[in-house]
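**Q** This is the structure I have questions about; it appears just below.
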Amino acid sequence: MDVFIRLMALALALICAPQGLCQYEAYDYDTDYEPDPYQPLIPFHHVIDYNVPNVHHGTDCARECYCPPSSIATMYCDNRKLKAIPQIPSRIQQLYLQRNDIESVTIKSFINATSLREIDLSHNKLKSNKIDAGVFATSRHLHQIYLNNNDLEEIPSPISTSVERIFLGHNKINKVREQDLQGLVNVTMLDLCNNRIDNIKGKTLSKMTRLMQLNICNNKLYSMPASLPTSLMYLSLENNSISKIPDDYFGKLPNLVAIRMSHNKIDEVPLYMFNLPSLMELDLAHNKLKRIFYVSRSLEHLYLQDNEFETINITLMCPVMDQSHRLTYLRVDGNRLKGPISTLAFLCFPHIQSIYYGEQKRSAGDGQVHLIPPYPLPEDARYDDDDDDDDFPQYHREEHGPIVEDVEDEDENDFHEYY
């Protein structure tokens, strides 16, 4: 009897087994499964080598900022509506704080920032009286500092003697004191454009013995900045009120490559003022010049538009034709020229590519002016024996000046004798 009962139980188990297995066919694992709530006490990290030093990136980064794992020495705090500078870790070398609402800079924020190489505080609301003295002198490795587009009335000082580039444009600075730049012997570029500086006197700049680029454009200068260092290569003084340049001003600046002094009130310069061995670009546009000057052999671009020239004396520009002049571009539009520039220019300046004549200022009663026809000439006239300009290649007549009609013979002879 026991054996029979056991056999019956086994038969029932075999019959019900497939039904039990089939009840899981429609099981929804996504909705019914609940993950194990257990979390390990120690977080697990995959071991992946990205060739990045093993540094805990997020442990000391200011919570207001971002320290990317790919750049362990950089902290981005830009464009976050910050009103104060957060604490800066000692490992940070590049600090970006631009486009915030920061008004003050305190020693407390920079007390540990001993490795800084670059600080960008541009486009904030910095005020001179809210910057702690010496705050930018704490780092001995600082190379660049951006303080442009703020409300500074003075240059913050002292600044670390290691700094090489200083950006102070678009502020309210009205004076440059000698103590402001004291000790900055490694500075190569100083930008003071778009401020309210009316003069720079004394030996404020002369001690910056490595200065190569000086930008003081868009200020209120009425005289040339005094005592520039001999290392200077690029000088930008556009948009000021300078009316006179001392005779020997550039004599001690043999390394100048570019001088930009457009939009001033200069009415005259000595004949050999710009006879500099390295000068390649000279911009004197939008002044009041009436007399031309000697062009150095190294000069390549000369801008004289919007002055008061009535004639351009090529002989003064180039008294000796030795084929060594490098001038390639000359612009003279917006003057009071009454005749074309002499083709002698192409003998003096064999590398010339373009002389832009353009429109000239005309007084009441001036006769009608017709532009010279374009060059090169049409095929049927290009080899005309009467064409005197064939010997002067690249003569862009539409740029070089007008032909004045109805000119009396006597006036025409006087004009040619001038050259």
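**Q** Based on the Cβ-Cβ distance of Leu347 and Ala226, what FRET efficiency does E = 1/(1 + (r/R0)^6) give at R0 = 51 Å, to the nearest 0.05?
**A** 0.80
**Q** In whole percent, and with a 1.4 Å probe on the protein chains, what portion of the accessible area of the range 82-141 is carbon and sulfur?
**A** Details: 1240 of 2770 Å².
The computed percentage sits at 45.
**Q** Sticking with this one: Set the bar at 23 Å for Cα to Cα. Now go through Lys83/Lys127; Lys83/Lys108; Lys252/Lys290; Lys175/Lys244; Lys220/Lys244; Lys175/Lys288 and name every pair that lies beyond it.
**A** With Cα atoms farther than 23 Å apart: Lys252/Lys290; Lys175/Lys288.
**Q** May I ask you to evaluate 6.51 cos²θ - 1.76 cosθ + 1.60, the Karplus curve with θ = phi - 60°, for each residue of the range 182-188 and list the ³J(HN,Hα) values in order in whole Hz, giving x for glycine and proline?
**A** So the Karplus estimates, Gly and Pro as x, are 5, x, 8, 7, 9, 5, 10 Hz.
**Q** For the pair Ser241 and Glu310, how long in nm is the line joining their label points, each one 7 Å along Cα→Cβ?
**A** 3.0 nm
**Q** While we're looking at this one, here's another question. Which ³J(HN,Hα) values in Hz, rounded to whole numbers, follow from the phi angles of the range 288-295 under the Karplus curve 6.51 cos²θ - 1.76 cosθ + 1.60, where θ = phi - 60° and Gly and Pro get x?
**A** 3J(HN,Hα) across the range 288-295, in whole Hz: 10, 5, 10, 10, 7, 9, 5, 9.
**Q** Report, by chain and number, residues whose modeled amide H sits under 5 Å from the one on Leu82, excluding near sequence neighbours (fewer than 5 apart, same chain).
**A** Amide H neighbours of Leu82, under 5 Å, 5+ apart: Asp101.
**Q** Taking the Cβ-Cβ separation of Glu164 and Lys207 as r and a Förster radius of 22 Å, what is the calculated FRET efficiency to the nearest 0.05?
**A** Computed FRET efficiency for Glu164 and Lys207: 0.90.
**Q** Sorted by accessible area (1.4 Å probe), largest first, how do Thr328, Thr161, Thr59 line up?
**A** Thr59, Thr161, Thr328
**Q** So how much accessible area does Thr138 have, in Å² to the nearest 10, using a 1.4 Å probe?
**A** 60 Å²
The values are calculated or read from the model by the stated rules, or taken from the named source; none is laboratory data. Remember, it's a predicted structure, so these values are computed and weren't measured experimentally. Because the Cβ atoms are built from the backbone with ideal geometry, glycine has one as well, and the counts that use them run over all protein chains shown. Just so you know, the surface numbers come from the protein's heavy atoms only, side chains and all, with ligands and any DNA or RNA stripped out. Shrake-Rupley method; radii C 1.70, N 1.55, O 1.52, S 1.80 Å.
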